[in-house]
Amino acid sequence: MTPRGRIREPALTLSIALMLLPLARPAGAQDVILAVRCHAQRLNRAERATCASAGLAQLTMDVDSATFRLERMLQGADREALIDTEGPLRAERNACANEADVGACVDRVLRARIAALGAAMALPSSIQAEVAKYQYLNVAYVRRWGDRLIGRHVRVWGCLLLDSSAPLLTGTRSGVVRNTCTKSDQPELPVVMTRTAPERMSFYEAQPTSYWAGVVERRGGRLTLLMRP
């Protein structure tokens, strides 16, 4: 059984690419797109649902087109917010693979993004609200936008490294999440795990890199992921 602190990865596919005609990309644009190469061998359920629906395929292309236009138009923190949320948006779409009604989930994610992009066309600063709307994040994202994420339930991608040398008092254990388990010289996010039974420790310590669920807090001046398994 999968503990509540760890969830299944939303199967991000490395072969994501343009599905229909190539779109002209602005100089310096981030290479994060939603359109799916439908003939790829490995597609998750969200990608397959997109390929099977003309409506979802068109919505996907609409999001990509509006994103490219905004990348040309926005500047400063507005452009940074747009670009930084493109990856979490794709992860959110792909996480629909775990929903009962995959198509409805994909439709909801895409329409919400279309609405946000449309609002940003008229009021560029409104795009900054997007940074707190997505759940599937990485350590760098939380460190960068953490003040906007305080109190939010998120899922942070990385390797969970708990401090096994510290005594397990009142079911609390501290540690960090890093991008990988093998390199120590990389950004990390402090983690506090509460109400953790001792028998769960071996499970968590043996887990590979995954998404880890928790609430973003600021403790002792540091952004922290509070996990309650």
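Summary table
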{"quantity": "Theoretical FRET efficiency, 1/(1+(r/R0)^6), r = Cβ-Cβ of Asp163 and Ala100, R0 35 Å, to 0.05", "calculated": "0.35"}
{"quantity": "Listed residues Ser210, Ser65 arranged by accessible area, highest first, probe 1.4 Å", "calculated": "Ser65, Ser210"}
{"quantity": "Solvent exposure of segment 40-107 as accessible area per residue, Å², 1.4 Å probe", "calculated": "41 Å²"}
{"quantity": "Cα gyration tensor shape of segment 44-165, rounded if a/c is under 1.5, else prolate or oblate by comparing a/b with b/c", "calculated": "oblate"}
{"quantity": "Carbon and sulfur %, accessible surface of segment 38-147 computed with the full protein complex present, 1.4 Å", "calculated": "49 percent"}
{"quantity": "Residues in segment 179-194 reached by a label modelled at Arg143 [backbone nitrogen below 14 Å; 7 Å Cα→Cβ]", "calculated": "179-180, 183-191"}
{"quantity": "Projected label distance in nm at Ile114 and Asn179, using a 7 Å step from Cα toward the beta-carbon", "calculated": "3.4 nm"}
{"quantity": "Rg followed by Dmax, in Å, when segment 54-97 is reduced to its Cα trace", "calculated": "11.7, 35"}
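The values are calculated or read from the model by the stated rules, or taken from the named source; none is laboratory data. These numbers come from a predicted model, not from an experiment. For neighbour counting, all protein chains shown are included, and Cβ atoms are generated from backbone atoms with ideal geometry for every residue, glycine included. These accessible areas exclude ligands, DNA and RNA; they are computed on the full protein's heavy atoms, side chains included. Shrake-Rupley method; radii C 1.70, N 1.55, O 1.52, S 1.80 Å.
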